[in-house]
Every structure is written in structure tokens, then in C-alpha cells.
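Participant: First the structure, which I've put down as C-alpha cells, then a few questions once you've had a look.
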Amino acid sequence: MSGDAYGTDGTGLSTRTEKMVAHIWQEVLEIEEITGSDNFFELGGHSLLAMQVMAMISEEIDVPELPVRVLIEAPTVAELARAIDRP
């Protein structure tokens with residue numbers, strides 16, 4: 001990958017959080033390229049994978065585990081990144 005540890009050029013990912021979310025989705029969903037508007041569930045994600053994703057995000061940003069409900073309510077990369085970054 002180019003850029004920082006989460007860089008993926010040409011995907012519309014603009015924030016570090018979006019890049020981190022996309023990188024985790026790539027690993028979990030085994031998809032090479034994720035864009036900011038991709039929907040986790042439309043890409044084949046389901047509740048068990050959602051639990052794994054949220055645990056990985058919590059570990060990455062060093063916070064207590066985020067509930068899966070956050071991903072259900074914000075199913076795209078951009079929406080989830082905004083939800084994570086909210087104070």
C-alpha cells in the first residue's frame with residue numbers, strides 16, 4: 001500500500017479513520033479494495049464478521065469494545081468513521 005499504514009489511493013478515503021476502517025474490512029471480508037461508500041453488509045458482511053470488525057477497530061484505537069450496533073447504524077466506511085470520530 002502507498003501512503004501511511006492505511007493508505008489506499010483512488011478510493012475516496014480521506015481521513016485516517018476511514019483508511020483504518022477500510023483496511024480492517026479488507027482483512028475481514030477478504031476484499032482487495034474498499035471505498036468510502038462501500039456498505040459492509042452489501043459486501044457480504046454479517047453479524048459475526050461485524051463483531052470481529054468492531055473488536056479490531058476497538059483494539060486499533062485503544063478504546064473499550066464498540067458495540068456492533070454502531071456498524072449496523074453506520075454501515076458504510078465513511079459513516080462508520082464519522083461515528084467513531086464523534087466525541
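Participant: If you scan region 55-87, which residues turn out to be of a type in the set (Asp, Glu) and in contact (Cβ under 8 Å) with a residue 24 or more places away in the chain?
Facilitator: Result: Glu60, Asp85.
Participant: Just the residues that are under 13 Å from Ile84 (Cα atoms) and open to solvent by 90 Å² or more (accessible area, probe 1.4 Å), please, taken from region 13-58.
Facilitator: Listed by number, the list holds a single entry, Arg16.
Participant: Which count do you get for residues in region 37-87 that are touching a Leu at 6+ places or on another chain (Cβ under 8 Å) and either part of a loop (DSSP other than H, G, I, E, B) or of a type in the set (Asp, Glu) (or both)?
Facilitator: Total satisfying the criteria: 5.
The values are calculated or read from the model by the stated rules, or taken from the named source; none is laboratory data. Computed from a prediction, not measured in an experiment: that's the story for all the values here. Cβ coordinates were reconstructed from backbone atoms using ideal geometry, including for glycine residues, and neighbour counts include every protein chain displayed. Just the protein is used for accessible areas: all its heavy atoms, side chains included, with ligands, DNA and RNA removed. Shrake-Rupley method; radii C 1.70, N 1.55, O 1.52, S 1.80 Å.
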